[in-house]
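Peer 1: If you scroll down you'll find the structure; I have some questions about it.
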Amino acid sequence: MRKNSKAFSTVLLFVWTAIFPQIGWGQATPGDVSGVAGILVDPEGVLQLRTYEDPDGSLMRSRITAAKAALPQDIRQRSRLRKVSLNRLEQALSNAIENNQQADDAMRYLAGMTRLEYVFYYPETRDIVIAGPAEGWVTDASGRVVGMQSGQPCLELQDLIVALRTFSPGSLNDTVITVSIDPTQEGLQRMQQFLSNLRGVRPNDATRIAAGLQNSLGLQEVAFSGVAANTHFAQVLVEADYRMKLIGIGLEKPPVRLATYIDKANPAAVSRNAMRRWYFVPDYERVMVSDDDLAMEMVGDGVKLIGEDEVVNADGSRAGVQQVDRASRVFTHSFTRAYHKMAQKSPIWAQLRNLIDLSVAAAFIRDQNFYEMANWSMPIFSDEGAYPVQTYNTPVRVETAVNVRWKGNTLMTPVGGGVRIEATEALTGSNIKSDEKGSVKDAHAAVRPGKIDHSRWWWD
């Protein structure tokens with residue numbers, strides 16, 4: 001292993017900000033967005049929610065029937081541990097390109113893998129292998145490709161390529177991946193002016209106030225670094241964080257029961273200009289590396305939500321404060337505890353976890369010098385001209401989301417704010433466990449790429 005303090009620099013940090021101005025008195029009028037399936041980014045770069053309806057599941061059942069008929073038996077059967085050789089996969093893709101063909105669905109969806117659990121290297125054959133559970137796949141009504149039996153989203157080649165490019169052969173930097181959705185300082189200043197001019201608020205003013213807050217803040221700005229903004233990888237990150245914020249402020253019903261911020265917030269404890277920042281970090285139960293450094297296993301849900309507070313000044317500038325309020329703490333803890341069940345019910349949360357897994361795996365491959373050991377320079381995966389993945393509309397702006405909730409004699413109007421994603425050190429210190437029982441080494445030894453047809457890039 002590379003022995004330095006910045007090895008495995010792949011913590012993904014996602015930050016949401018919510019603003020909670022308070023005024024008036026009255027009764028509760030909660031907002032709710034049901035049936036949210038995902039996001040759509042229009043050609044102008046404005047991010048919007050999208051929904052679909054399949055109330056009795058008949059549409060999905062017909063899709064599964066068609067998918068079963070289209071997929072070969074071997075690849076559609078469920079596998080506890082499917083293996084994909086990355087360098088063999090690239091060679092297969094190169095052969096297809098040379099023959100003026102496109103990547104087939106098996107390549108695009110990594111032979112149906114729904115979770116990345118292991119990374120292996122085999123000196124004898126120079127194979128770099130990722131492994132995890134897999135099954136046949138189907139495209140659901142929202143456009144996501146998911147497992148037929150589990151409903152879990154498949155790992156995608158385009159996301160793998162983004163992760164590998166981020167931690168590419170020969171790169172030394174601890175790349176920081178950031179995605180931020182933030183109100184402008186001018187918008188925050190207009191919001192503060194709007195609030196200061198409110199007088200004699202009544203219960204029937206709620207809709208007017210919500211519209212005034214939304215109009216004064218205007219569209220919020222989206223900015224990226226570390227990964228290309230016009231990729232599927234980036235859009236998944238934005239969607240996950242946007243919808244997490246909507247759940248927190250009560251505008252999207254979570255797929256499982258959990259305590260939201262707006263439900264637990266105490267108006268007496270929330271200042272008029274408070275901001276709540278919520279962000280995800282990796283939370284692996286254990287990351288084990290074999291004693292020969294040729295194998296790594298990731299176990300656990302991999303995602304934890306934490307938070308911090310800020311205040312908005314009169315001029316729209318923001319400043320951090322030390323203490324996280326109780327309602328924010330309850331929400332982040334509840335979200336983290338429910339994450340596994342949420343990922344089972346709603347594919348976006350499993351997709352977010354998959355991106356973290358792919359990033360950690362890519363960093364491990366780079367930091368273990370597997371590229372050099374395999375004599376693999378990743379010529380196709382690293383070349384946007386050879387295999388483009390930057391094919392999506394770039395999110396530039398998003399509408400401000402506003403909820404209106406009366407609590408006692410206080411009108412709380414949480415307003416959606418920002419996202420920040422920071423890639424730092426994910427696999428350092430206590431996160432790395434030694435393979436004391438040899439289970440990772442045994443799993444590595446059980447895979448025998450030398451016994452597989454050299455032209456085959458996946459196997460069970």
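Peer 1: Given H placed 1.01 Å from N in the peptide plane, which residues other than close sequence neighbours of VAL287 have an amide H under 5 Å from its amide H?
Peer 2: LYS433
Peer 1: What residues have an amide H closer than 5 Å to that of VAL46, excluding those fewer than 5 places away on the same chain, when H is modeled at 1.01 Å from N in the peptide plane?
Peer 2: HN-HN under 5 Å from VAL46: VAL396, ARG397.
Peer 1: What are the residues whose amide H is under 5 Å from the amide H of THR400, where those residues sit 5 or more places off or on another chain and H is modelled from the backbone?
Peer 2: So THR400 has HN proximity to GLN220.
Peer 1: For segment 361-408, with the dipole built from +1 on Lys and Arg beta-carbon atoms and -1 on Asp and Glu ones, taken about the Cα centre, which of TYR371, GLY385, VAL398 lies farthest toward the positive end?
Peer 2: Result: VAL398.
Peer 1: How would HIS232, HIS454 line up from fewest to most surrounding beta-carbon atoms within 10 angstrom? Don't skip to the end; give the middle numbers.
Peer 2: Details: HIS232 19, HIS454 11.
Placing the least packed residue first, the sequence is HIS454, HIS232.
Peer 1: When Lys and Arg each count +1 and Asp and Glu each count -1, what net charge do the other residues less than 9 Å away from LEU81, Cβ to Cβ, add up to?
Peer 2: Local net charge: +1.
Peer 1: Based on other C-beta atoms within 10 Å, arrange ASP56, ASP105, ASP383 from fewest to most.
Peer 2: On the way: ASP56 8, ASP105 17, ASP383 12.
The order, fewest Cβ neighbours first, is ASP56, ASP383, ASP105.
Peer 1: Right, next: For the pairs LYS83/LYS253; LYS68/LYS451; LYS68/LYS437; LYS253/LYS437, flag any whose C-alpha to C-alpha distance is greater than 32 Å.
Peer 2: LYS83/LYS253; LYS68/LYS437; LYS253/LYS437
Peer 1: Order the peptides 135-142, 446-453 from the highest to the lowest mean number of other Cβ atoms within 10 Å of their residues.
Peer 2: Top of the packing list down: 135-142, 446-453.
Peer 1: I would also like to ask the following. For a protection proxy built on the mean count of beta-carbon atoms within 10 angstrom, sort 164-171, 41-48 highest first, please.
Peer 2: 164-171, 41-48
Peer 1: Go through segment 181-194 residue by residue and turn each phi into a ³J(HN,Hα) via Karplus (6.51, -1.76, 1.60, θ = phi - 60°); whole Hz please, and just put x for glycine and proline.
Peer 2: Running phi through 6.51 cos²θ - 1.76 cosθ + 1.60 with θ = phi - 60° gives 10, 10, x, 6, 4, 5, x, 5, 5, 5, 4, 4, 5, 4 Hz.
Peer 1: Moving to a separate point now. If each residue's Cβ is checked for other Cβ atoms within 10 Å, how do SER196, SER150, SER216 rank with the fewest at the top?
Peer 2: By the 10 Å Cβ count, ascending, the order reads SER196, SER150, SER216.
Peer 1: Here's a follow-up. For segment 91-97, in order, what is each residue's ³J(HN,Hα) by Karplus, 6.51 cos²θ - 1.76 cosθ + 1.60 with θ = phi - 60°, in whole Hz (x at glycine and Pro)?
Peer 2: 5, 5, 5, 4, 4, 5, 5
Peer 1: I'd like the Karplus ³J(HN,Hα) series for segment 360-368: coefficients 6.51, -1.76, 1.60, θ = phi - 60°, whole numbers in Hz, and an x wherever there's a Gly or Pro.
Peer 2: With coefficients 6.51, -1.76 and 1.60, one gets 5, 4, 4, 5, 4, 4, 5, 6, 8 Hz.
Read-outs throughout are calculated quantities, based only on the coordinates presented, and are distinct from any laboratory measurement. Note that the coordinates shown come from a computational prediction; the quantities given were computed from them, not determined experimentally. Because the Cβ atoms are built from the backbone with ideal geometry, glycine has one as well, and the counts that use them run over all protein chains shown.
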